[in-house]
Amino acid sequence: MNKVGLLLDQLHRAETRLGAEFRRVAGREAADQEVYYVCRDLARQCDERAAAIRRLGTRYGRSIAAPSGPGPLRTALTELRRRASCLLGRQRISGLLLLRDLRALFLAAQAANVAWIAVGQLAQALKDGEMLTLVNGLHKENLTQIKWIKSKVREASPQALLT
Amino acid sequence: MTRPRSDDDRIADIWGPRTPYAAGERWPVRVDRFVPGLADEDVDRWVPSACVLCSNCCGMDIAVKDGRIAGVRGRAVDRINHGRLGPKGLYGWQANNSPDRLTRPLVRRRGRLVETDWDTAMNLVAERSRRALDRHGRLGLGFYNTGQLFLEEYYTLAVIARAGLGTPHLDGNTRLCTATAEWALVETFGSDGNPGSYTDIDTCDTLLLVGHNVAETQTVLWMRMLDRLRGPDRPRLVVIDPRLTPVAREADVHLAIRPGTNVMILNAILHELIARDRVDHEWVARHTVGFDALADVVRDHPPERAAEVCGVEAADIREAARIIGAGRRLVSTALQGVYQSHQATAAAVQINNINLIRGMIGRPGCTVFQMNGQPTAQNTRETGANGSLTAFLNFQNDEHVESLARHWNVRPIDIPHWWEPTHAMEIFRFCEQGSIRFLWVLCTNPAVSLPELHRIRSILDQKRLFLVVQDAFLTETAELADVVLPAAMWGEKTGTYTNADRTVHLSDKAVEPPGEARADLDILLDYARRMDLRDKDGAPLVKWSTPEEAFGHFAAVSRDRPCDYSGLSYAKLRDRDGISWPCNERFPDGRERLYTDGVFGTGADYCESFGHDLETGAANEPDEYRAHDPAGRAIIKAAHYKPPHEPVDEDYPLQLSTGRTVYHWHTRTKTGRAGQLQDAAPRVWVELNPDDARSLGVAEGDLVRVESRRGIVHGPARLTGIRPGAVFVPFHYGYWDRREAGPRTAANEVTRTEWDPVSKQPIFKVTAVRVVRVAGRRAPAPAPEAGRVPAAGAHTVEGRTP
Ligand code: SF4
């Protein structure tokens, strides 16, 4: 059972990181309204997935600690980043920065994807139908996030690189 | 019953006298006419045309006297209006004769716009285009057009921008009005195009209107509905709208929801329909995919939850669902209350779903109308002058792109199709970033109509951006331009346009444009020549020089596509009044109703798009779509409700939505120059619920300030039947006709920059604001009477209901 817990722990870490990454990018890309709002929504999805993983952990005897919320310093930093980004948003370089952010997001989302695959396989092997349904639903959400990141990369690359 | 009428007053009596009729009967004729001072026999010529002041495109004849437009009359034989005209149609033509028309090109010299000749202006436009191309590449140019050009002009513009310059940055202001209609149709039915016909109003027994104040936005369509509502077998009417609109006053059930909660209320209705088994299971199984997922999602949206979120009674939601579930011929419609709210496409698609699970589509009296705002918005979509590919082709489908390239005689790679064409808000974003350096604005006024105006003005005002504006008047946007090109208006040029039920009209040139003003098509053709745009064999890329030739080229491209014009010609359109596409060998007289066989445009090789995730806008991959090819079945897409991104809070406790009044159009460029219309609604106003007003210490007519995190707008308060917590400001009132400086009056000073992730339509209906009283009543609020309730805010209403 401990191995199940370990795997869930890893998955939890991947989702927490992904959520933090979405939040960071939202802050950095505040001048790009779509990226800003979608990333904030997707960060919230990651939080919810992380919570679901923690509940699953409890079922398998592993208590996973919830990530601590952002302290006041963090919140202030995020706001600062948002303001800086609005100013920077008027520079042409902002397209390149967006691409870099999307790349980081993609890697974090793929790390979660791999972890979801592993957990899904595990659920099958454990013959835990309830877990499997849950994992399939949440994994699909993660895959849609990846699809969104890819959409955004395709859309943003030419303008960022050619102009 | 024909009642010829003369010179009616459509200001006081907006919808005119009733001509009630029963289901299945023909809507009676009533001819409206306004030709001041002239009897019919005094008119030199009557030129057949159609109104271009909303997406109805009512058939009308233009009266010509001494080479000038002297008036209009509705055409009795036209399938759209059976002779009727509303206030805008009846009076709006006077703008053509306005003394302040632009008659010569202008260029900016030492900071000021000065008159010049066409050669100088167009050479400058061409030179600056080439400079942007050389220095910044084809992605350094952008075009932002309108919903009011003709098909031939849009098509030419699409060819120039996409195949000639090779830029994906071409979109229309239709992005602000019909992008969600387009994408809601594409996501569900695989392709754009409203399934039904306006004659479905004649036979329906149930109407569901969501965020669609048709009484003010499409007055003549409302006359048709009202005549049914006054007829012997009145259809039941369910209205979802935060305001007590003239439509809502007629409703059996009016759900006055909180702005921004459309998905919640629609999911609750779907919940009830499914829970009470008002589902046509057999039809659903045969003609749709995705029902189970919908049932899963709406299970979480019972009426009790919706009642709380939307601020309405659960019993009213149930009653609405009961009426919809009992109807045997259901017509559902949507407009800006859905399209300009957050979760726009997700909500619009749920309206499709209501008709789908009831199996009510493709039969007389059974349809859904994803309405258009502007008169020729449909044509921007068909021609690809907005964010789509010409003829509803799919940019992710290589064969589609190849066929388009064959028609244009260019290489597929010359047509930018690496991603969806750039949407308007993104075009302005690229201008802000400095990666677009040349922007051509055709016949629209972003300096008043886009959200967050201080941002838009600062973008348009940049020195590094070369701004070309083509318009009939010196608009607020034109004043910021480097070159201004004077354009001919409707009635001064020939072309076709298509309304919200796919009816195509031909409008012939009736009079000459004033001074040196030119038809938009001629300006574009001139540009193509000066830019020396070539096809892959070195021949001129644009191979036509008249509207009729342009139409023929487009008709050929559209062959075998959903919007098939191949059976249409100018001769046929002159012969017959208003023909619906598709029109081809199979349907030589046009096809009134789509999907009559329950086969939709979703086949992988045929569809316009592989669709999107409704929540994020992530595009589906071609392989993924092909693996689950719906192959002609409609796609039921479900969506969870999400709260708006900018909720109300202590600082900004009210929710602002913007919109139109019956007398005006957009930024009043035309309607503000028609005396009757301008006098009927001369200045901005702020609509408040009487209870909210009381707690703010505001009385009717007091001057108030509406503040958001982005700006401030001023206007006199008007207490109406709007739901508590909501504020409404019409967005028509910019600054062109102001004689002295004063406080800001354009509603978009306070709106925010956010758009729907699928349709990319900006969100004008959900902005957190606060309202502050500035001064006591100076004069009565200048607002029109429509939408008026007694100050007590009760639900009994006097007013202009006929
Ligand atoms: S309903 Fe629309 S098209 Fe018809 S007259 Fe009025 S503005 Fe013109």
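No lab work stands behind these numbers, since they all come straight from the coordinates. A quick note: this is a predicted structure, and the numbers were derived from the prediction, not measured. All Cβ positions, even for glycine, are placed from backbone atoms using ideal geometry, and neighbour counts span all protein chains on display.
Where Lys and Arg each count +1 and Asp and Glu each count -1, what net charge lies around residue B:474 among other residues with Cβ under 10 Å from its Cβ? Value of the local net charge: -3.
Within the same chain, lysines fewer than 8 places from residue A:147 are excluded, and of the rest, those with a Cα less than 23 Å from its Cα are B:637, B:642, B:760. Here B:735, B:144 are placed in order of increasing Cβ neighbour count within 10 Å, fewest first, which gives B:735, B:144. Amide H to amide H distances under 5 Å link residue B:774 with B:703, B:704, B:705, where only residues 5 or more positions off or on other chains count and H is placed in the peptide plane.
For the stretch B:654-775, the Kirkwood estimate of hydrodynamic radius, built from reciprocal distances between every pair of different alpha carbons, is 14.8 Å. What the phi angles of the stretch A:95-100 give under the Karplus curve with 6.51, -1.76 and 1.60, with θ = phi - 60°, is a coupling list of x, 5, 4, 4, 4, 4 Hz, glycine and proline written as x. With a simple spin-label model that places each label point 7 Å from the Cα along the Cα-to-Cβ direction, the separation between residue B:411 and residue B:740 comes to 6.4 nm. Charge dipole (Cα centre; +1 on Lys/Arg Cβ, -1 on Asp/Glu Cβ; no other charges) of the stretch B:673-736 amounts to roughly 260 debye. Treating the Cα atoms of the stretch B:536-671 as identical point scatterers in vacuum, please give the log10 of the normalised Debye intensity I(q)/I(0) at q = 0.17 Å⁻¹, two decimals. Calculated log10 I(q)/I(0) at the listed q: -1.08. Shown in residue order for the stretch B:46-62 are the 3J(HN,Hα) couplings computed by the Karplus curve 6.51 cos²θ - 1.76 cosθ + 1.60 at θ = phi - 60°: 10, 10, x, 7, 8, 5, 10, 10, 5, 6, 6, 6, 4, x, 8, 9, 8 Hz (x for Gly and Pro).
Here the calculated FRET efficiency for residue A:82 and residue A:133, from their Cβ-Cβ distance with R0 = 35 Å, stands at 0.40, rounded to the nearest 0.05. Taking the Cα centre of chain B as reference, the dipole from Cβ charges on Lys and Arg (+1) and Asp and Glu (-1) amounts to some 1480 debye. A cut-off of 5 Å between modelled amide H atoms, ignoring neighbours fewer than 5 places along the same chain, links residue A:62 with no other residue. What the phi angles of the stretch B:290-299 give under the Karplus curve with 6.51, -1.76 and 1.60, with θ = phi - 60°, is a coupling list of x, 4, 4, 5, 4, 4, 4, 5, 6, 4 Hz, glycine and proline written as x. For residue B:572, the lysines whose Cα falls under 20 Å of its own Cα, not counting residues fewer than eight places away in the same chain, are B:493, B:509. Evaluated over the Cα positions of chain B, the convex hull gives a direction-averaged projected area, one quarter of its surface, of 30.6 nm². Note on the stretch B:97-204: Cα convex hull, mean projected area over all directions, 11.6 nm².
Of the trypsin sites (Lys or Arg not before Pro) found in the stretch B:686-754, those in coil by DSSP whose Cβ has at most 11 other Cβ atoms within 10 Å are B:738, B:739.
Using the alpha carbons alone, the radius of gyration of the stretch B:5-97 stands to its Kirkwood radius in an Rg to Rh ratio of 0.97.
Mean-square fluctuations from a GNM of chain A, with a 10 angstrom spring cutoff on Cα atoms, peak among A:29, A:21, A:48 at A:48.
Arrange the following residues from fewest to most other Cβ atoms within 10 Å of their Cβ: B:129, A:68, B:449, B:403. Fewest-to-most ranking of B:129, A:68, B:449, B:403: A:68, B:403, B:129, B:449.
Sorted largest first, the principal axis extents computed over the alpha-carbon atoms of chain A equal 54, 36, 19 Å. Between residue B:285 and residue B:556, the simple spin-label model (points 7 angstrom out along Cα→Cβ) gives 4.9 nm.
For the stretch B:243-346, which trypsin sites (Lys or Arg not before Pro) pass both filters: DSSP loop (anything but H, G, I, E, B) and at most 13 other C-beta atoms within 10 Å? Sparse-neighbourhood loop trypsin sites (Lys or Arg not before Pro): B:276, B:328.
In the elastic network of chain A, a GNM with C-alpha springs shorter than 10 Å, the most mobile of A:99, A:77, A:107 is A:77.
The ranking of B:233, B:316 from fewest to most other beta carbons within 10 Å of each one's beta carbon is B:233, B:316. Annotation note: GluC sites (Glu not before Pro) in the stretch B:138-234 located in DSSP loop regions with a Cβ neighbour count of at most 13 within 10 Å are absent. Think of it as helices only: each DSSP H run of n ≥ 4 in chain B is worth -39500 (n - 2.57), and spread over all residues that comes to -7500 deg cm²/dmol at 222 nm. Note on chain B: antiparallel DSSP beta bridges, both residues inside, total approximately 50 percent of the bridges counted. Within the protein assembly as shown, DSSP assigns beta bridges of which about 50% are antiparallel (rounded to the nearest 5). For the protein assembly as shown, the fraction of C-alpha pairs farther apart than 55 angstrom is 9 percent.
Distances between placed amide hydrogens fall under 5 Å for residue B:466 paired with B:438, B:439, all partners being 5 or more residues away or on another chain. The alpha carbon radius of gyration of the stretch A:5-61, expressed as a multiple of 2.2 N^0.38 Å, is 1.30.
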